[in-house]
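Okay, so here's the structure we're looking at.
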Amino acid sequence: MLIFQLAVILIASKIAGDISVRLGQPSVLGKLLIGIVLGPTVLGLVTDTEILKEISQIGVILLMFIAGLETDIDEFKRTAKSSTSVGVAGIIAPLALGYVAGITMGLSSIESVFLGLLLSATSVSISVQTLKELGKLKSREGATIMGAAVIDDVLVILALAFLMSFAGGDVNLGMVVLKKVAFFAVVILLSWKVVPWVLRKFAPLQVTESVISAALIICFLFAYFAEYTGVAAIIGSYIAGVAISLTTYKEEVTHKVETISYAVFVPVFFTSIGVTAQFSGIVENLWLIVILSVIAIVSKLVGGALGAKMTGFPWKNSMAIGAAMVSRGEVALIIAAIGLENNLLTDDMFAVLIVVVLLTTIVTPPMMKWFFADKDGQEEKLLMKKNA
């Protein structure tokens, strides 16, 4: 059954991606939408099994690893101020509006803060692919978005731990903070001293693709360590990519990892997002979904844009950066699951928020395409076609 589902996903995602590009949209939009069609909601050809989730997880880890490999570290340093501004402003706006929405709906103060935090989460895995297709991943805007995503993830997780300690969850706030500090201290040291050494040791081994294997080992270990310390796995894999990008093996690793990733794992990740969509009860809660979706989209868009504008970006570029921060993706889904487990969300509200997260993910690529649109449309179209 899994083999059949993989075949269906690969065929459908490539065709859907191509159609999306022909219609002037990033290919990732077509891959997201075809997942809904393939899933239980429409055709039922693909089901949300545990093994499919694991393959999907590998896909997003590799996608962020590639983003790290293609990061210009000098540009990343230059945009540190902008990244901080975008990350912080992109949390304050949805947190405030989410809290007001929760109080208006009759939720308690703690439940309302939790709703605000959930809407503050950002997952830029979808944005990364769109940036690649638009040729903007290595730009100043791309570096700002990636830096802001790291800051956003850390701040939201710390704020969530702080809230859970008040909500009666079994959370040691000091330990949470210590783990985050330990993670970044250890991976920076490993990136500086250990990663180049490992690649040099693996390179002369008399086995096939030893350097690529070493790179993937580093990627997966960084991702595991990140998840173990409460930081998203995608942050760990992204940092692993950045570390390898500073070595002489960057081009070889990038080329071959892209081949592995885009052939199988990344299409499964994009499509699986749509497959997991559940639309039961959508009619009964339609207005709530609409209101929360508008809050989720507008708050991140405006918050991120204002943060970028305050650090010198033109308005159009600022809006493009804000648009890239809109997608909530798997980070918000994880937070929603925590809320359900700790009775901070009802079953109905959980179902509503899953749809809201899906909608924010679907609207992100076309919004980015709109704001990043420039005069050189033909070059942009060729880039999108290449990544379809």
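The values are calculated or read from the model by the stated rules, or taken from the named source; none is laboratory data. Quick caveat, the model's predicted, so the values are computed rather than measured. Every residue, glycine as well, gets a Cβ built from its backbone with ideal geometry; the counts of neighbours run over all protein chains shown. Quick note on the areas: whole protein, heavy atoms, side chains included, nothing else; ligands and nucleic acids left out. Shrake-Rupley method; radii C 1.70, N 1.55, O 1.52, S 1.80 Å.
In the chain, taking the dipole from charged Cβ atoms about the Cα centre, the farthest positive-side position among Ile73, Met105, Ile145 is held by Ile73.
Equivalent ellipsoid of region 214-345: semi-axes from √(5λ) of the C-alpha gyration tensor, largest first, are 31, 23, 16 Å. Peptides 26-32, 39-45, 316-322 ordered by packing proxy, namely the average of other Cβ atoms within 10 Å per residue, highest first: 26-32, 316-322, 39-45. Multiplying the residue separation of Ala185 and Ile19 by 0.36 nm and subtracting their alpha-carbon distance yields 55.3 nm. Report the paramagnetic label zone for Glu54: residues of region 187-228 whose backbone N is under 15 Å from a point 7 Å from Cα along the Cα-to-Cβ axis. Output list for this probe position: empty. Here the scattering of region 171-277 is modelled by Debye summation over its C-alpha atoms, one equal scatterer each and no solvent; at q = 0.11, 0.12, 0.17, 0.20 Å⁻¹ the log10 of I(q)/I(0) is -0.42, -0.49, -0.86, -1.04. Here the simple spin-label model places points 7 Å from the Cα toward Cβ, and for Asn342 and Ala373 these points are separated by 4.3 nm. When peptides 204-213, 145-154, 130-139, 10-19 are sorted by average Cβ neighbour count within 10 Å, with the highest value leading, the order is 145-154, 130-139, 10-19, 204-213. Rg and Dmax of region 1-90, both derived from C-alpha coordinates alone, stand at 17.4, 49 Å.
With both labels modelled 7 Å from their Cα along Cα-to-Cβ, the Leu221 to Glu209 distance reads 2.0 nm. Over the C-alpha atoms of region 37-124, the Rg to Rh ratio, Rh being the Kirkwood estimate, stands at 1.13.
Within the assembled protein chains, the solvent-accessible surface assigned to Arg140 is about 90 Å², based on a 1.4 Å probe. Mean-square fluctuations from a GNM of the chain, with a 10 angstrom spring cutoff on Cα atoms, peak among Ser293, Ser327, Ser125 at Ser293. In sequence order, region 132-140 has phi-based couplings of 4, 5, 8, x, 10, 5, 8, 7, 4 Hz under the Karplus curve 6.51 cos²θ - 1.76 cosθ + 1.60, θ = phi - 60°, and Gly or Pro positions carry x.
Peptide packing: for 185-196, 81-92, the average count of neighbouring Cβ atoms within 10 Å per residue gives the ranking 81-92, 185-196, highest mean first. The length gained on full extension between Arg78 and Val8, counted as 0.36 nm times the residue separation minus their Cα-Cα distance, comes to 20.9 nm.
The alpha-carbon positions of the chain define a convex hull whose volume is 137 Å³ per residue. Considering only alpha-carbon pairs that sit under 8 angstrom and 6 or more positions apart, the relative contact order computed for region 9-97 is 14 percent.
Nearest 20 debye, what's the magnitude of the dipole of the chain about its Cα centre given +1 on Lys and Arg Cβ and -1 on Asp and Glu Cβ?
Once rounded to the nearest 20, the dipole reads 1040 debye.
Tell me the Kirkwood hydrodynamic radius of region 59-173 in angstroms, computed as one over the mean inverse distance between distinct C-alpha pairs.
15.3
On the chain, 69 percent of the accessible area sits on carbon and sulfur atoms, based on a 1.4 Å probe.
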